[in-house]
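Data block below; observations after.
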Amino acid sequence: MKLIFEKSIPERPGFQVPRSDVGKKVKIDKKYTRSESASLPEVSELDCVRHFTQLSQRNYSVDTHFYPLGSCTMKYNPRFTENIANIRGFACLHPLLAQLPNGDHLTQGALQILYETEQSLCEITGMDNYTMQPLAGAHGELTGVMMMAAYHKSKGNKKKYIIIPDSAHGTNPASAAIAGYTTISIPSNAEGVMDIDKLKEKLTGDAAGLMLTNPNTHGIFNNQISEIAELVHAVDGLMYYDGANLNAILGRCRPGDMGFDIVHLNLHKTFATPHGGGGPGAGPVGVKKELSPFLPISRVGKKGDGSYYLNYDYPQSIGYIAAFYGNFSIIVRAYAYIMLLGQQGLQEVGDHAVLNANYIKERLKKYFKLKYDRTCMHEVVFSAAPEAQKGVHAIDIAKYLIDKGFHPPTVYFPLTVKEAIMIEPTETESKQAIDGFIEAMIEAHDLIKKKPEVFKEFPQSTPISRPDEVKAARELNANYFNKKL
Amino acid sequence: MNPYIANTKQDVKAMLDCLGITSIDDLFTDIKPQQQPRSFDLPKGKSEFEVVEEFYHLAAKNATVLTLFVGGGFYDHYVPAAVNSLISRGEFFTAYTPYQPECAQGTLQALYEFQSVICALTGMEIANASLYDGGSALYEAAMMALRITKKNRIIMDGGVSPIYRKILRTYTDNLDIEFVETPVVHGQSDREQINKLLNEKTAAVILQNPNFFGAIDDHADIVAQAHQKGALVIESVYPISLGLLKTPGEMDVDIVIGEGQSLGLPLNFGGPYLGFMATKEKYVRKMPGRIVGATVDGEGRRCFVNTLQAREQHIRREKATSNICTNVSLCAIQALMFLSVLGKEGLKQFAQLNLDKAEFARQELEKIDGVEVKRSSPTFNEFVVCLPRDANAVIAAMIDKGFAAGFPLSRYYKGMDNYMIVAVTEKRTKDEIMRFTECLKEILNTDDRRC
Amino acid sequence: MEVLDSYLYTHEHEWIHVEDNVATVGISDYAQNALGDITFTELPEVGGEFEQFEQLASIESVKAATDVYCPMSGKVIEVNSEVVDDPELINRDCYEKGWLIKLEIAAPDEKSKLMKAVEYTNYCENLS
């Protein structure tokens, strides 16, 4: 498909910018102006609408396809939250209004939403306070680790490293490193959870804390978690909960009750805000009250008269981690979702997410190798290692599924499972949709037996076949104007 | 009841039968009784229309009726209807990171086009597929400069947004970095100070154009000086202004970052916004964030993939160039749509209209007795106004008249009690500007002690 | 998997070939195979001094990245600009044309911390 630049015709009129109602055109000294206009496309509005509509049709999405991408919680994004986010009173609200004199009064609705979302998340996760500011999950992690550092500094603790299980998301070690800590990796045991004996070996007073996802990326709930928390707390380490997989345990278990001190959530996973083709997300961070003084500023407070205000008066705060109050319109969507579902609706989320995943596990385990054959939580990890011996790799099965009308599961993650295929159906898919996926997987299994060689040809139904990624990296072309194909 | 769960009772029963269990509870036996929630006390669920009503009610408590003359790096620009319509397509907003390029060419090609328009706007060679926002982009740029130069001094121009400077301080608190800040003289960067502070240890000079006070500048001389000392220059830019202004590329700047909210994104009370970053090709491997590259498929057809992924956290883990996982794809695509709808001439005219309206407002404000508009350097669509009394009081009084008149500089700068910055975008009509100046005149003429 | 007898190896899959006080360094066949199509090589500057097992260079493929560690302490006296221009050379010929740097070695007795070919072959076979 052509690029928008290739559809450009010199002097074709596009959007009509209104004529000035204030008279003469101001000239800036040439010293300060660009020598030629930016080479933006010259297309009509219709050209533009067609271009982007056609581009959109080259995507698989939750709206168009089952999207069982493990670890990403690709659930349905309810439309009413879009309507709400677009209400003028939110969409057109300038963030600096809150910082004008009496600014709190100009933004009461927004501050109330931030405050009440914080209260809801506290109850859902069993934490004492939240910052809504982090702009994504990884940003939340970084914020959480910086608070960990601030906590240890305030106590005069000299800490050196953070403990991370080998099944962790890649962002965990990256965040720790940026906050100035080294990391120590702990392997998984035969049950698929962190090996507690190995933890005991590595755990010393130098440990700032432990970062853990529970259930982990194998989709397995670690029921030794309370014991682990005790061990870590005994050396004055902090327990950090990566909330990426919270969807599985909503209403069944809370990180705060498991002994975690810091939690980050991904609103775009558990709380149904859209993934946007890779962002924007939101990654609020919750803490137990011992850590509350270190939360970033500003924080939203509630006065005796029921009004809300921005409070900057936290001398121990780690400071400013974002320009404003978080990805507000994402927070609005998440809060609307929480409000609609209520207590019971939220509890049902985890129940059905887990039921759906176990159903897939049960039906497919006859056909594909299960790394851990036991009850899983919201996702299940298979290994295509046996198929790989026949020359069909996880990636080939993924490409086959595309042709069958499914977005593939996550492949090659977690790194602890060879040829991993990680499936997360979420609670919003129907049994019928899931059955369709299961059947496609079984057909793949049969085809691997009969004709393994054809797998290299998939996908065939998409606008392009497999791209040459080596060429993309060796002959970098990331700017149309710099290098033309 | 959760209306988004599709399973019927029969479906549930069939699945439980398949699993050989009788209740969903049987799937949660790993969670021990003492690990069960001590409380889960949330309100009852509501119907969709009850929730929508409640949010309309909440939205009404926000003063979006005020006529906006507040900017500070975040602007009230018009968004063409086509942009909102196109970005609402579920194929864009309900997709995820394009891990499987064959079924994500829509997102990938759009991001490639986004990178290209950012390069066209800034005059740089290569851009990434976006970062969280302008503030995090500045932090990432600073870290990138430290990686490239392996030095640790950073010179920060006083004209760089104080909001961003605070963020940068938070992130670098645990790291070995020496920050030095230089003041603004006559609205522009202090060349003399910067030259004095530039030494062999300097990793980067951070500048902003137009700066926080709205002044525009040509930083080519500072860039040349910095390069002589082996330091890089990072510049934060306001993309709408680049419809007219000299590009960072023309000034030989090394890393350009900016807040892309002005490119068709709603103000949204602070986010989501759009950080962008562009640099010279020789620095690409030190650049954080996703990059989409062009290549060919098996049949030789052009297509697009995430490339140079080896820099990223999911591969390099603790050695990654950044801990960033996502970009803000949807916001980047929205900005691309905005720039495509506006087009080459459109953006220029759009920028010119901002300039003209701001100049008109400046002239009208200057006519008021006791009001001084700083003219020591040219500006784009925002400028500093010196009032005869405390700006906070004046702004408060203007709010009562229906105007968000400007942002008080005293919030971030000591001793600037009587100053505010006023932003005038293309959306402000002549009538609004005239009423704004009338009201201000009235307020300044009253003896009301409140002001 | 090819292992050359006259070379010494590290646990991180670098090889070093020592002739008098000058040594040539590269990555092993096992390493290039594990990385897959190599797309980028970053080498140190001539004159740089490195301790044994200090990070020396980095190599990227489409889906992986690895740091190369200096097998022995010394000063870099030459770098292979051909592998910078054509990184695939490492895939094609990792032991000869795909060498990375030449080193003036500082401490010949550090050899004792390295593996000989047989030992390295066993080591690789025991990796899963």
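The values are calculated or read from the model by the stated rules, or taken from the named source; none is laboratory data. The structure displayed is predicted, hence computed values, not measured ones. Cβ atoms come from the backbone with ideal geometry, glycine included; neighbour counts cover every protein chain shown. Each accessible area value is taken on the protein alone, full model and side chains, heavy atoms only, with ligands, DNA and RNA left out. Shrake-Rupley method; radii C 1.70, N 1.55, O 1.52, S 1.80 Å.
Residues are listed down the side, and each one gets a yes or a no for (1) touching a Lys or Arg at 6+ places or on another chain (Cβ under 8 Å); (2) crowded, with 17+ Cβ neighbours inside 10 Å; (3) not in a loop (DSSP other than H, G, I, E, B):
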| residue | (1), (2), (3) |
| --- | --- |
| C:17 | no, yes, yes |
| C:44 | no, yes, no |
| C:56 | no, yes, yes |
| C:67 | yes, no, yes |
| C:96 | no, no, no |
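Of all residues in the stretch A:371-419, those that are crowded, with 24+ Cβ neighbours inside 10 Å, free of Cβ contacts under 8 Å to residues at least 40 places away in the same chain and within 23 Å of residue A:164 (Cα to Cα) total 0. Every listed requirement among (1) in a loop (DSSP other than H, G, I, E, B); (2) surrounded by fewer than 24 Cβ atoms within 10 Å (Cβ to Cβ); (3) in contact with a helix residue (DSSP H, G or I) (Cβ under 8 Å, 6 or more places away or on another chain) is met by residue B:439 save one, (1). Right, residue B:163: within 7 Å of chain A (Cβ to nearest Cβ) and farther than 30 Å from residue B:303 by Cβ or not? Yes; evaluated as a whole, the condition is true for this residue. Looking at the stretch A:113-216, the helices (runs of 4 or more DSSP H) lying wholly inside it that each contain 1 or more residues that are touching a Phe, Trp or Tyr at 6+ places or on another chain (Cβ under 7 Å) and open to solvent by less than 10 Å² (accessible area, probe 1.4 Å) sit at A:137-154. If the condition is being surrounded by fewer than 22 Cβ atoms within 10 Å (Cβ to Cβ) and over 27 Å from residue A:106 (Cβ atoms), then the stretch B:70-90 contributes B:80, B:81, B:82, B:85, B:88, B:89, B:90. For the stretch A:63-81, filtering for residues that are more than 7 Å from chain B (Cβ to nearest Cβ), modelled with pLDDT of 95 or more and more than 14 Å from residue A:429 (Cβ to Cβ) leaves 2. Could you say whether any residue in the stretch A:229-241 is of a type in the set (Val, Ile, Thr) and open to solvent by 10 Å² or more (accessible area, probe 1.4 Å)? Checked the stretch A:229-241: at least one residue is of a type in the set (Val, Ile, Thr) and open to solvent by 10 Å² or more (accessible area, probe 1.4 Å). Checking each residue in the stretch C:1-15 for being within 18 Å of residue C:97 (Cβ to Cβ) and not in a loop (DSSP other than H, G, I, E, B) picks out C:14, C:15.
Beta carbons closer than 6 Å, at least 6 apart along the sequence or on distinct chains, pair a first residue in the stretch C:39-68 that is within 13 Å of another protein chain (Cβ to nearest Cβ) with a second that is small (Gly, Ala, Ser) and not in a strand (DSSP E or B) for C:39/A:473; C:60/B:310; C:61/C:36; C:62/A:473; C:65/B:310. Condition first: crowded, with 19+ Cβ neighbours inside 10 Å and part of a helix (DSSP H, G or I). Now tell me which residues in the stretch B:150-182 satisfy that. Across the stretch B:150-182, the qualifying residues are B:163, B:164, B:165, B:167, B:168, B:170, B:171.
A quick yes/no check of all residues on (1) farther than 30 Å from residue A:54 by Cα; (2) in a loop (DSSP other than H, G, I, E, B):
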{"site": "A:434", "(1), (2)": "no, no"}
{"site": "A:443", "(1), (2)": "yes, no"}
{"site": "A:449", "(1), (2)": "yes, no"}
{"site": "A:460", "(1), (2)": "no, yes"}
{"site": "A:470", "(1), (2)": "no, no"}
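In summary, residue A:422 fulfils each of the numbered conditions (1) more than 9 Å from chain B (Cβ to nearest Cβ); (2) out of contact with any Gly (no Cβ under 8 Å at 6 or more places or on another chain); (3) closer than 30 Å to residue C:127 by Cβ with the single exception of condition (2).
Of all the numbered requirements in (1) within 19 Å of residue B:209 (Cβ to Cβ); (2) of a type outside the set (S, T, N, Q); (3) at pLDDT 95 or above, residue B:153 misses one, and that requirement is (1).
Does residue B:9 satisfy the condition of being free of Cβ contacts under 8 Å to residues at least 60 places away in the same chain, among the basic types (Lys, Arg) and within 8 Å of chain A (Cβ to nearest Cβ)? The answer is no for residue B:9.
It is to be established whether one or more residues within the stretch B:54-65 are touching a residue at least 60 places away in the same chain (Cβ under 8 Å) and more than 7 Å from every other protein chain (Cβ to nearest Cβ). Yes; the residues of the stretch B:54-65 include at least one that is touching a residue at least 60 places away in the same chain (Cβ under 8 Å) and more than 7 Å from every other protein chain (Cβ to nearest Cβ).
Once the stretch A:472-485 is narrowed to residues that are assigned to a helix (DSSP H, G or I) and in contact with an Asp or Glu (Cβ under 8 Å, 6 or more places away or on another chain), the residue that is least open to solvent (accessible area, probe 1.4 Å) is A:473. Based on what the data block shows, is residue C:118 farther than 26 Å from residue A:473 by Cα and not small (Gly, Ala, Ser)? Considered against the rule, which asks whether it is farther than 26 Å from residue A:473 by Cα and not small (Gly, Ala, Ser), residue C:118 comes out as yes.
Filtering the stretch A:307-320 for residues that are within 9 Å of another protein chain (Cβ to nearest Cβ), within 21 Å of the chain's Cα centre (by Cα) and among the hydrophobic types (A, V, I, L, M, F, W, C) leaves an empty set.
For residue A:12, are the conditions met, namely being free of Cβ contacts under 8 Å to residues at least 60 places away in the same chain and assigned to a helix (DSSP H, G or I)?
Criteria not met by residue A:12.
If you go through the stretch C:29-42 and keep only what is of a type in the set (Ser, Thr, Tyr) and either surrounded by fewer than 22 Cβ atoms within 10 Å (Cβ to Cβ) or closer than 23 Å to residue C:111 by Cβ (or both), you end up with just C:30. Taken over the stretch A:37-62, residues that are outside any loop (DSSP other than H, G, I, E, B), at the interface with chain B (Cβ under 7 Å from one of its Cβ atoms) and charged (D, E, K, R) amount to 1.
Restricting attention to the stretch B:233-246 and to residues that are open to solvent by 10 Å² or more (accessible area, probe 1.4 Å) and more than 18 Å from the chain's Cα centre (by Cα), the residue that is farthest from residue B:353 (Cα to Cα) turns out to be B:246. Scanning the stretch B:4-29 for residues that are surrounded by fewer than 13 Cβ atoms within 10 Å (Cβ to Cβ) and either assigned to a loop (DSSP other than H, G, I, E, B) or modelled with pLDDT under 95 (or both) yields a total of 5. Residue check: is residue A:257 under 22 Å from residue A:148 (Cα atoms), in a helix (DSSP H, G or I) and not assigned by TED's automatic domain parsing to the domain that holds residue A:358? Taking the combined requirement at face value, the residue satisfies it. I want to confirm something. Restricting to the stretch B:247-284 and keeping residues that are within 8 Å of chain A (Cβ to nearest Cβ) and of a type in the set (Val, Ile, Thr), which single residue is surrounded by the most Cβ atoms within 10 Å (Cβ to Cβ)? Of everything passing the filter in the stretch B:247-284, B:247 is surrounded by the most Cβ atoms within 10 Å (Cβ to Cβ). Total residues in the stretch B:211-234 satisfying the condition of being more than 10 Å from chain A (Cβ to nearest Cβ) and either assigned to a loop (DSSP other than H, G, I, E, B) or of a type in the set (Val, Ile, Thr) (or both): the figure is 12. For the stretch A:104-121, which positions are over 28 Å from the mean Cα position of the chain (by Cα) and more than 9 Å from every other protein chain (Cβ to nearest Cβ)? Answer for the stretch A:104-121, where residues must be over 28 Å from the mean Cα position of the chain (by Cα) and more than 9 Å from every other protein chain (Cβ to nearest Cβ): just A:104.
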